[in-house]
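Structure record follows, encoded as structure tokens.
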Amino acid sequence: MKRISDLLKPFLSVIFGALLFLCFFDLLASDGESLAIGIVAVVLAAYFLTVGILGSCLGDKFPAKTKAILNACGVGAYPLFMGVYFLLLLISRASDEWVTVGPMGWTIAIFSIAASLGLGVLFLCAFFSKKHFFIRSTFLFSCLFVLALLLDILLTNGNPATLGSIVVLFVVLYAVYSGMLFNALKTLQEEYKKAPKQTKEEPKAEEEKK
């Protein structure tokens, strides 16, 4: 199993981009909010596909720092997209007279929006600052976001989903993103541990020399 995950790891961005494209491409035939979501999703899918294909084709020739920044921007952008998606979905369901959103549905929707937007902002802050506080907070919001994705699959408007109503494509999409997210967090944690840390005694020693 570990060998399979190691083989797929370099291609997760391509797989995720392709799945994202398949999940939201049909929305381009809609109008209004659905069309806007479809356009953003397709652009985001194209971004993941481009970064993944470049990384796979160029290999070691692709600058590691550039690749890391591009991957981080993609991993951070997806929760922000999902936060807006959950918000627009809630507005659409609340304004639909044929759909009833109960207290559980409102609670899950608000939780999902907060977890998504919080993760997107915190992940980008953690990547560019490498601060321990942001990294720890990102781990927490990553778990909350994965829980929000799980609730999106298992509950519809706060009601338990039937087996026939579960979209397998979304299950695979969320699973692939979760793998990408925790791989990125693991890399951030390793970089933080390897980074030289200035102790409190060092500034005092420098002052004594002066």
Open item on the list: Can you confirm whether S137 is in contact (Cβ under 8 Å) with a residue 12 or more places away in the chain and among the hydroxyl-bearing types (S, T, Y)?
Closed with: yes
Task: Long-range neighbours under 8 Å by Cβ, at least six apart or interchain, first residue modelled with pLDDT of 95 or more within segment 1-23, second of a type outside the set (D, E, K, R) and in a loop (DSSP other than H, G, I, E, B) - done: none
Task: Close pairs from segment 145-165: first at pLDDT below 75, partner part of a helix (DSSP H, G or I) and surrounded by fewer than 15 Cβ atoms within 10 Å (Cβ to Cβ), Cβ under 9 Å, at least 6 apart - done: N157/M104; G158/P103; G158/M104; G158/T107
- [ ] State whether one or more residues within segment 108-116 are surrounded by fewer than 18 Cβ atoms within 10 Å (Cβ to Cβ) and in contact with a Phe, Trp or Tyr (Cβ under 7 Å, 6 or more places away or on another chain).
- [x] no
Open item on the list: Just to be sure before I move on: is L117 aliphatic (A, V, I, L, M), in contact with a Pro (Cβ under 9 Å, 6 or more places away or on another chain) and either at pLDDT 90 or above or within 23 Å of L181 (Cα to Cα) (or both) in the structure I sent?
Closed with: yes
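So that you can scan it fast, the table gives a plain yes or no per residue for (1) more than 17 Å from the chain's Cα centre (by Cα); (2) farther than 25 Å from L185 by Cβ; (3) crowded, with 18+ Cβ neighbours inside 10 Å; (4) modelled with pLDDT of 95 or more:
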site	(1), (2), (3), (4)
F25	yes, yes, no, no
S56	yes, no, no, no
T66	yes, no, no, no
F81	no, no, yes, yes
R93	yes, yes, no, no
V99	yes, yes, no, no
- [ ] List the number of the failed condition for I110; all other conditions in (1) part of a helix (DSSP H, G or I); (2) over 19 Å from V176 (Cβ atoms); (3) at pLDDT below 90; (4) not polar (S, T, N, Q) hold.
- [x] (3)
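The values are calculated or read from the model by the stated rules, or taken from the named source; none is laboratory data. Keep in mind that this is a model prediction, so the values were computed, not measured. All Cβ positions, even for glycine, are placed from backbone atoms using ideal geometry, and neighbour counts span all protein chains on display.
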